[in-house]
Amino acid sequence: MLGNRTPAQFMRRYWQKKPLLIRQAIPDIQAPLTRGELFELADLDDVESRLITHFRSSWNLEHGPFAPDELPSLKKREWTLLVQGVNLHHDRAHALMNRFRFIPDARLDDLMISYATDGGGVGAHFDSYDVFLLQVHGKRRWRIGAQRDLSLKPGLPLKVLQHFEPEEEWVLEPGDMLYLPPHIAHDGVAVGECMTCSIGFRAPSTHELTGQFLYHLAERSGQSASADAHYRDPKQVPVGHPAQLPPLLVERVGAILANVNWDENDVAAFLGSYLSEPKANVVFDPPARPMNEQKFVERVKKTGVRLDRKSILLYDKRSYFLNGEAEKLSAKARKWLPELADTRRLEAKRFVTLTDDSTMTVLLHEWYCAGWIQVDAYA
């Protein structure tokens, strides 16, 4: 998939460094969804979709969901439908994104599908994250450039570069793939009807990470014995300027904040919970008629068990993090949980060897009832 390069070679030479065009990265590839299936997905409330048109040289952006009759005619040129998180809803898209798990799960974001009629695109732009652009149907012309002028055209609903200066240009056909590191300007235009899969990666900003981490620390400190202690100032003297901020107040609050501290374990606990938290529009589907624990165990002995497409399971030396929840990684869980997280499944035979651990069967049954794991295997 990486053009006769090992993942180690790709990461060392290209990852976050320079673009790479890979002809026939996945030969004979077919789109993970048909056009009709993609349109049906864009009509769902829990799916993020956008419609971008460039009719009469005017950019327009609309947010879904879109009923079938709300999309432009297939005969009309220059429109694009973007559907995010397709991997959360379709097995083939999920399997395709899993081919990129040589990048840590903590960095993988989602697989987006872009459907476009002839001439369709989203304008010249840049992303703040890495992306693999895999052509799965039709052709798309890509122009890229490592330009310094990142100013945007004013008054548009899209972030379109004002002065795009392409340096390279290719036409990608089904199976071709283009890797772009952050901030490489690019413009993709459909040559006839086409579909492109974008495998994107999480790249939180410093502002986002700082704010979320401080919120995490605040929640943690709220569980301490001193959390309910209130501010006191027994040495405050009468003032002649009541509206002035008291220096004593600043000093004492500064002393309180100086006692806020953290270590590597706190950072790891924050990242595990934060990066495994499902997006706001993700909804899990518990079984309509859940099996009791005994029947669940008997079924899994025959079929094995898999993480649901929407579940994110991460771990480190001390803890595991499932869909935003953090738990201690016990000695018993170490025997099976990292395997489930890394392979996203436990084979039936492997499960049988572990069934003497009742804590595992109880926990997996709880996850099954919540819709976080699935008993019946998917491709």
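The values are calculated or read from the model by the stated rules, or taken from the named source; none is laboratory data. Since the structure is predicted, the reported quantities are computational estimates derived from the model, not experimental observations. All Cβ positions, even for glycine, are placed from backbone atoms using ideal geometry, and neighbour counts span all protein chains on display.
Evaluation of GLU40 against the conditions (1) over 19 Å from ASP127 (Cα atoms); (2) free of Cβ contacts under 8 Å to residues at least 60 places away in the same chain; (3) assigned to a strand (DSSP E or B) shows that the sole unmet condition is (3).
Would you confirm whether or not segment 88-97 contains a residue that is outside the structural domain of TRP372 (by TED's automatic domain parsing), surrounded by fewer than 16 Cβ atoms within 10 Å (Cβ to Cβ) and part of a loop (DSSP other than H, G, I, E, B)? Scanning segment 88-97, I find no residue that is outside the structural domain of TRP372 (by TED's automatic domain parsing), surrounded by fewer than 16 Cβ atoms within 10 Å (Cβ to Cβ) and part of a loop (DSSP other than H, G, I, E, B), so the answer is no. Of all residue pairs spaced 6 or more apart or on separate chains, those with beta-carbon atoms under 8 Å, a first member in segment 308-319 that is closer than 14 Å to ARG345 by Cα and a second member that is buried (at least 20 other Cβ atoms within 10 Å of the Cβ) and of a type in the set (Ser, Thr, Tyr) are ILE312/SER276; LEU313/SER276; LEU313/TYR320; LEU314/SER276; LEU314/TYR320.
The C-beta contact set for segment 339-354 (first residue touching a residue at least 40 places away in the same chain (Cβ under 8 Å), second residue among the basic types (Lys, Arg) and loosely packed, with under 15 Cβ neighbours inside 10 Å, distance under 7 angstrom, 6+ apart or interchain) comprises ALA348/LYS301; ALA348/LYS302; PHE351/LYS301; VAL352/LYS301. Applying the condition of being of a type outside the set (Lys, Arg) and free of Cβ contacts under 8 Å to residues at least 60 places away in the same chain to segment 107-144 and asking which residue is nearest to VAL86 (Cα to Cα) yields GLY138. Tallying residues that are out of contact with any strand residue (DSSP E or B) (no Cβ under 6 Å at 6 or more places or on another chain) and within 17 Å of ARG306 (Cα to Cα) within segment 323-337 yields 4.
Taken over segment 235-253, the residue count meeting the criterion of being touching a helix residue (DSSP H, G or I) at 6+ places or on another chain (Cβ under 9 Å) and either aliphatic (A, V, I, L, M) or not in a loop (DSSP other than H, G, I, E, B) (or both) is 1.
Among residues that are outside the structural domain of VAL267 (by TED's automatic domain parsing) and either touching a Ser or Thr at 6+ places or on another chain (Cβ under 6 Å) or crowded, with 16+ Cβ neighbours inside 10 Å (or both), ARG101 is not included. The set of residues from segment 44-70 being assigned to a loop (DSSP other than H, G, I, E, B) and either of a type in the set (S, T, N, Q) or closer than 24 Å to LEU134 by Cα (or both) comprises VAL47, GLU48, SER57, GLY64.
Count of segment 137-177 residues, restricted to those that are surrounded by 12 or more Cβ atoms within 10 Å (Cβ to Cβ) and assigned to a strand (DSSP E or B), is 16. When LEU271, LEU257 are screened for being among the aliphatic types (A, V, I, L, M), assigned to a helix (DSSP H, G or I) and outside the structural domain of SER358 (by TED's automatic domain parsing), only LEU257 passes. Taken together, the residues in segment 320-332 that are free of Cβ contacts under 8 Å to residues at least 24 places away in the same chain and part of a strand (DSSP E or B) amount to 2.
Yes or no, residue by residue, for (1) surrounded by 15 or more Cβ atoms within 10 Å (Cβ to Cβ); (2) of a type in the set (Gly, Ala, Ser); (3) farther than 24 Å from VAL86 by Cβ:
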residue	(1), (2), (3)
LYS317	no, no, yes
LYS328	no, no, yes
TRP336	yes, no, yes
LEU340	yes, no, no
ARG350	yes, no, yes
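Annotation: PHE296 fulfils all but one of (1) part of a helix (DSSP H, G or I); (2) surrounded by fewer than 19 Cβ atoms within 10 Å (Cβ to Cβ); the unmet one is (2).
Would you check which residues across segment 298-316 are of a type in the set (Val, Ile, Thr) and within 26 Å of the chain's Cα centre (by Cα) and list them? Scanning segment 298-316 gives VAL305, ILE312.
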